[in-house]
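J.: One structure follows; several queries about it will come next.
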Amino acid sequence: MSKLQVSKTKLSKPKISKPKVSKPSKPKHSSALLVSGVLYDVFLLNPLAHTFKILLTLDNPCADQELNFPEWIAGSYMLRDFSKNLHNLGAKQNNKNIPLTQLSKASWRVHCKSSAQLTIEYDIYAHDPSVRGAWLDDTRAFFNGTSLFFECAGFADKPHFVKLHKDPILPQLAPTTQDWSVFTSLKEVTISSTGWGLYSADTFEDLVDTPVLMSQAWHEEFEVGVGANAVKHRLVLNGAPPSFDGAKLLADTQLICKTIIDFWHSKSKPVIKNYLFIVNVVQDGYGGLEHKTSTVLQCKRSDLPSIHKSAQTDAYIGLLGLISHEYFHTWNVKRLRPTEFERYRFNVENYTEMLWFFEGFTSYYDDLLLRRAQLINDQSYLKIITKNIQQVLQTPGRRIQSVAQASYDAWIKYYKQDENTPNITVSYYTKGALIALCFDLKLRAHNSSLDAVMKELFKRFAGGPICESDFKTVLEDLSQRAWDKELLEWVHGVEDPPYAALLQNQGIKVEYSAEPLQQQLGMRTDDTKPGVHIKFVLSGGLAEQAGFVPGDEWIGVEVPHLDAPNKRSKLSKPASHHQKSSWRINKLDELSLFLGESKYFDALVCRDQKLLLLRVQFNMRLALANKKGISLCIKDASQAKRWLEGKE
Ligand SMILES: [Zn+2]
């Protein structure tokens, strides 16, 4: 076990000095460093107009050099057309402008000679607050290389250099960036004490896998391990509120990193020497993107630990899960990776059937390792996996697509979700995590564990590309049994894996209860809007049978009363033995207040400004007796402990 160390760095205080006044100057590129490499000079052209200026220099271009702008960023499987933000593109050779021909939405041919230095100049609009893009305003500059840099044909494996220029080109904006520092895990070449200057990356892929933040951000450092095994970590938060409890987040992040490094390496030398967490804190937002030596996270201010509260909130546990998830990816997807991702192609979709392994198994371990780090207790952990199992079971699309198919279709399904998504696909995150749980528990019944399989894969394939048959081989070698049936049914089939029996064998009791009302009705509502707005109508459910469609606003219900005969009014029509009452509903849960013994009710919905009555065949008493919901609790503590505490 590695020893934990916390370096005693203090909050950096901004230095205050008078802004320098200088005349506007034309951007000048750095002197070209390497004859064979690529140099990008990055200027903060105008933070108020959210615009970077890039000068790209090739000392030895190809004749008719081709330039390709990336169309997606690794880890986020959707074509994003980053070149839409590119403008003012021009090229020069021997101090003369030379023509370019546009070949597609993201590629150009420069009509240059191979004998002289080539300079390409262009501007990038940067106003994407997500972890995937680029941002520039008067509070921070941030970019992923995929949003800023052309890939030069023939140069992908050459060294790439980036020079970060501190002062905006407009001198009146210089005070804006005066107290900013640079945070990146690019290799330092020549930099100032605040990190401005020249960096390098071995290849284009390394360059665009290393994001850069420039701002006056909260930052701290810690180490995990000692001596030659020590790994230096930096934690940087931009936008944290004054109530932020930095010491708590730092200590908890350190514990997560230690647990994950111990998981993969035990006492051996870790595969990383340095790691950087960049966290952008906003009012509303959530997400993370993994990189080889860093990650970029986005969270809400209310997710952060507060100096005014000692209790751990669910939102904070969610943030710790995100930190754990992205850090685990350092090994699982950034090093162990699908064979199809051995070399990324940034101008087309890169398909793989294995996201259930790389995202699903990472999702399994992100929470399990929080439990092993003792950041959450057994009850909290069982609550998290119960929620995950429910999410899978409540998705009709799990009967339509396997997780292998869902992985392949990520580009058009998971990343392009619409009102029908739950009906035709399944999340390779949630079902992938459920499959990981089932592999782990079944392996434990055969004297092994998924922990052992993951470590063996990393060792045997030198942390490099793997395919499904490699996973199968290691499974079989460690457990001395065949796994064809499980792979066929769980990964390539559409039946539910036998999670309940496997959990029970591991000392966990599975209890059954009524499902939530939404699930009973076969719908999902939009919680972000006041009132009851239908977001999804699940296939085969009561809502679909009644005629609900996504987008309906459910306003009220008409409920029949089954009156006793002697209480019936003499004025009642002879054929009618009941009366109706009508109710406005503001939340779906209010429905249980108004439903009596009837086998149906009528829903009043608004669709395209028209009011409609939809008959729903639903009986509350029968619904409550239908126990399809689950909850988990510890039955045999010593048996459960082996799994929960990671003993093989
Ligand atoms: Zn992930």
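J.: Amide H neighbours of LEU39 under 5 Å, counting only residues 5+ apart in sequence or on other chains, H built in-plane at 1.01 Å?
T.: Distant-sequence amide H within range of LEU39: THR57, PHE161.
J.: Now for a separate question. Counting Lys +1, Arg +1, Asp -1, Glu -1, what net charge surrounds LEU320 among other residues with beta carbon under 12 Å of its beta carbon?
T.: Net charge around LEU320: -4.
J.: Using +1 on the beta carbon of Lys and Arg, -1 on that of Asp and Glu, and nothing else charged, what's the dipole of the stretch 217-330 about the Cα centre, debye to 20?
T.: Here the size comes out at about 300 debye.
J.: Okay, next question. Between beta-carbons, use under 15 Å as the cut-off and find the net charge around PRO465, counting Lys and Arg +1, Asp and Glu -1.
T.: Charge balance in the 15 Å sphere: +2.
J.: Still on this structure, please answer the following. Counting only other residues whose beta carbon sits under 13 Å from that of THR101, what net charge do I get with K and R as +1, D and E as -1?
T.: -1
J.: Would you mind classifying the stretch 517-625 by shape? Square roots of the alpha carbon gyration tensor eigenvalues, ordered a ≥ b ≥ c; an a/c under 1.5 is rounded, otherwise it is prolate if a/b is larger than b/c and oblate if not.
T.: Details: a/c = 2.19, a/b = 1.77, b/c = 1.24.
Note, shape of the stretch 517-625 comes out prolate.
J.: Okay, next question. From the Cα gyration tensor of the stretch 185-311, with a ≥ b ≥ c the square roots of its eigenvalues, which class applies: rounded if a/c is under 1.5, or else prolate if a/b is larger than b/c, or else oblate? Spell out each step's value before the answer.
T.: On the way: a/c = 1.81, a/b = 1.20, b/c = 1.50.
Note, shape of the stretch 185-311 comes out oblate.
J.: Taking H placed 1.01 Å from N in the peptide plane, check which residues at least 5 places from TRP72 or on another chain put their amide H under 5 Å from its amide H.
T.: Sorted by chain and number, the residues that satisfy this are ARG80.
J.: Are any of the pairs LYS387/LYS635; LYS84/LYS334; LYS269/LYS455; LYS105/LYS158; LYS166/LYS273 more than 21 Å apart by Cα-Cα distance, and if so, which?
T.: Checking Cα-Cα distances, LYS84/LYS334; LYS105/LYS158; LYS166/LYS273 exceed 21 Å.
J.: What percent antiparallel are the DSSP beta bridges of the stretch 240-334, to the nearest 5?
T.: 40 percent
J.: Which value at 222 nm does the chain reach when only helices count, each DSSP H run of 4 or more adding -39,500 (n - 2.57), with the total divided by all residues and rounded to the nearest 500 deg cm²/dmol?
T.: -7000 deg cm²/dmol
J.: With 10 angstrom as the radius, rank LYS535, LYS267 by how many other C-beta atoms surround their C-beta, starting from the fewest.
T.: Listed from fewest to most nearby Cβ atoms, that is LYS267, LYS535.
J.: Using the crude model of +1 on Lys and Arg Cβ and -1 on Asp and Glu Cβ, and no other charge, please compute the dipole size for the chain relative to its Cα centre, in debye to 20.
T.: 1220 debye
J.: Tell me which of GLY318, LEU237, VAL271 sits at the most positive position along the dipole axis of the stretch 217-330, charges placed on C-beta atoms (Lys, Arg +1; Asp, Glu -1).
T.: So the residue we want is VAL271.
J.: Sticking with this structure for a sec: So for the chain, taking the charge dipole from beta-carbon charges (+1 Lys/Arg, -1 Asp/Glu), which of TYR344, PRO99, LEU517 sits furthest toward the positive end?
T.: Highest projection toward the positive end goes to LEU517.
J.: Okay, next question. Quick one: angle between helix 246-265 and the longest Cα principal axis of the chain, in degrees between 0 and 90, rounded to 10, please.
T.: Here the helix axis deviates by roughly 90 degrees.
J.: Which angle from 0 to 90°, rounded to the nearest 10, does the C-alpha axis of helix 468-479 make with the longest principal axis of the chain?
T.: For helix 468-479, the angle is close to 70 degrees.
J.: By the gyration tensor of its Cα atoms, with a ≥ b ≥ c the square roots of the eigenvalues, what is the shape of the chain: rounded for a/c under 1.5, prolate for a/b over b/c, or oblate?
T.: Because a/c hits 1.5 or more and a/b exceeds b/c, the chain counts as prolate.
J.: Kindly express, to the nearest 10 degrees and within the range 0 to 90, the angle between helix 430-444's C-alpha long axis and the longest C-alpha principal axis of the chain.
T.: With rounding to tens, the tilt is 80 degrees.
J.: Using a simple charge model, +1 on the beta-carbon of Lys and Arg, -1 on the beta-carbon of Asp and Glu, nothing else, what dipole does the stretch 331-509 show about its Cα centre, in debye to the nearest 20?
T.: 440 debye
J.: Taking the beta-carbon count within 10 Å as an exposure proxy, list ASP137, ASP303, ASP209 from fewest neighbours to most.
T.: Ranking ASP137, ASP303, ASP209 by Cβ neighbours within 10 Å, fewest first, gives ASP137, ASP303, ASP209.
J.: What pairs in LYS383/LYS641; LYS267/LYS509; LYS248/LYS509; LYS248/LYS413; LYS383/LYS599 have C-alpha atoms more than 28 Å from each other?
T.: Distance filter (> 28 Å) returns LYS267/LYS509; LYS248/LYS509; LYS248/LYS413; LYS383/LYS599.
J.: Additional query: Quick one: order MET454, MET78 by neighbouring beta-carbon count within 10 Å, fewest to most.
T.: MET78, MET454
Bear in mind that the values in this text are calculations on the coordinates, not laboratory data. Quick caveat: nothing in here was measured; it's all calculated off a predicted structure. Don't worry about glycine lacking a Cβ; one is built from the backbone with ideal geometry, like all the others, and counts go over all protein chains shown.
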